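Please read the structure below before turning to the comments.
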């Protein structure tokens, strides 16, 4: 029998945490970065390369998958793991966030969020119960409650209303969640940038009881100076023995700052999206490959990277691929950036284990601040 | 020291030939299919997967590479092998064909072809000598003479003029070709669909003397019923001990028919181009993945394929990827089609060695004619 979900806290270094999550499809060392495979595929990447980049868990988007190809269809085809060919753990979101950001004509009431599909215009009703059912049909290892995620800045009234609606939906999700196959259900802390609402949300969710807790409603356009204090306020109200997931975050710097504040899991489209636009994340910071300075440079992006593509292809070649519009440019830069994110998480875990996370963070941030190697 | 170019004829089965080409970057079993890596990249594929698909040699396009990133730049970066990361043999065309098909405002005279770059509008002069110099700078294992390739149908006068100009350029290319690094230079038989011109071209090229001989000016829109007789007329006039390359061909059926007429090498963008448009080549013929019949089909494209991607992903998943516009669809279908082409060539070689090529061809064509497995 497959193992059921569990979390083990292995070490702490100040607020930073080293842990391990067990799921029916394998283990995940935390802090962990989850690349986003929106439509049952990682954009511009093959699953083998997702794995070789050091990735242990990926995120799938309920909103996209429910609309196309459909949750019942994926279930009939054996679930998302069998359908896509990704055999490791999968976390699925609830669809709520993307209804808010992508669907036209959406309407939220106590019962459900109703929206038009951006693909064919069909009217779709997503209740908390249906969100959990879809995630069961997909066969995800970690399911998320349905929530209402509002954009910042928002009025205190709107923020409070959305947070309380999300709490009500959290209870309904918990009621219908079937953990018999070993999967997990996470609650989502809402409350915008208002500390008392965030703390109210966290306490109420912990009272309901979930396998893990996410902080939602951040990374929605607000500066890091708004985001980090919210994390700092919320984290102490979450139980030590459950993983903490910061949704939709972020830059490498966001990740280290959030690990320093006790967060364990992250997801973001940034490394793959930037890769498709010719930008790579490296220990030298972000590198824009399209600019002319790279056109004759035989050096790789990072000769010390553990990932072969970062060592084996010249900047000149990557520059050429992007200028020529070759798909391989997007492929290689997506891989290189994901691999850098995973290398960063791996190094963060080692630093926490060694009790030197603060030093590691300072050194890494200094490397980014120093910038790219001189042109030649 | 790297080995110099050579060709060994291993077996014959009626007119079909089994052989082996040696180049400075490795050996190639013939009949051989060469996928086209136009811009120093195989569209939608990684070099590792090009290799794993069974590919031993790829084609690079002089026209594209001379314009971007430039031949001198690639030379300064170590040549096309080092630049791209493809370590096997590379055949480069001369640029002539693509000047005719892609460049605006082209003009051909005895001295050169002059054209505007389709990238930046710059005027470029391509002489036979410059075509050879560019291919030397790229470091190709097999270089092609510059020729004038006209579209069919064409008048006998135009056809004869272009053939004789190509012969004159063949001589000039031979004069400046430097074989000291072990590479090869191929001449190109022209003459449209006029047998006596084709034979005149072939004899004159053989008199000049090349490492191999190509048939050009086919696969330019004419039906197979025009192409195959030309091959049948030309092949007997080419020396037995040199490889014969049919340029720009073609469908799997074109390949088997041409192998039956004594051709050894082929190149075509069809498997990768069709792959990007959702069509796969298989032993069941061409399969269009976008159509609804595949949407719920858990079966792979071909469970007997030696190539993992053809066995491991369901038709339903490939259908979904194409409908959703995921790059991975183009990636997997390009790989699967290239792998099928290579499997076909591998089987053809085995059949020639066993003296049963005619039977193999009949069985294979019957499989295509039978079509795809029944829907379910």
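The condition (being buried (at least 21 other Cβ atoms within 10 Å of the Cβ) and either in contact (Cβ under 8 Å) with a residue 12 or more places away in the chain or within 23 Å of residue A:40 (Cα to Cα) (or both)) is satisfied by just one residue among A:208, A:194, A:199, A:188: A:188. Against the test of being in contact with a strand residue (DSSP E or B) (Cβ under 7 Å, 6 or more places away or on another chain) and touching a residue at least 24 places away in the same chain (Cβ under 8 Å), the options B:253, B:297 yield a single qualifying residue, B:297.
Can you name every residue in region A:220-244 that is part of a helix (DSSP H, G or I) and under 17 Å from the mean Cα position of the chain (by Cα)? The answer is A:224, A:227, A:228, A:231. Looking at residue A:329, is it at pLDDT 95 or above, surrounded by fewer than 19 Cβ atoms within 10 Å (Cβ to Cβ) and either outside any helix (DSSP H, G or I) or within 13 Å of chain B (Cβ to nearest Cβ) (or both)? Judged against the criteria, residue A:329 is not a match.
Elements of the type strands (runs of 3 or more DSSP E) sitting completely within region B:46-124 and holding at least 3 residues that are under 27 Å from residue B:182 (Cβ atoms) and away from every other protein chain (no Cβ under 14 Å): these cover B:90-92.
Taking region A:103-115 as the range and being surrounded by 16 or more Cβ atoms within 10 Å (Cβ to Cβ) and over 14 Å from residue A:162 (Cβ atoms) as the test, the residues that pass are A:103, A:112, A:114, A:115.
Against the list (1) surrounded by fewer than 23 Cβ atoms within 10 Å (Cβ to Cβ); (2) within 30 Å of residue A:43 (Cβ to Cβ); (3) out of contact with any helix residue (DSSP H, G or I) (no Cβ under 6 Å at 6 or more places or on another chain), the condition residue B:340 fails is (1).
Against the criterion of being within 28 Å of residue A:228 (Cβ to Cβ) and in contact with a helix residue (DSSP H, G or I) (Cβ under 6 Å, 6 or more places away or on another chain), residue A:273 does not qualify. Inside region B:28-44, residues that are assigned to a loop (DSSP other than H, G, I, E, B), in contact with a strand residue (DSSP E or B) (Cβ under 9 Å, 6 or more places away or on another chain), surrounded by 24 or more Cβ atoms within 10 Å (Cβ to Cβ) and within 14 Å of chain A (Cβ to nearest Cβ) make up a count of 3.
The values are calculated or read from the model by the stated rules, or taken from the named source; none is laboratory data. Quick caveat, the model's predicted, so the values are computed rather than measured. Reconstructed Cβ throughout: ideal geometry from the backbone, glycine too, with neighbour counts over all protein chains shown.
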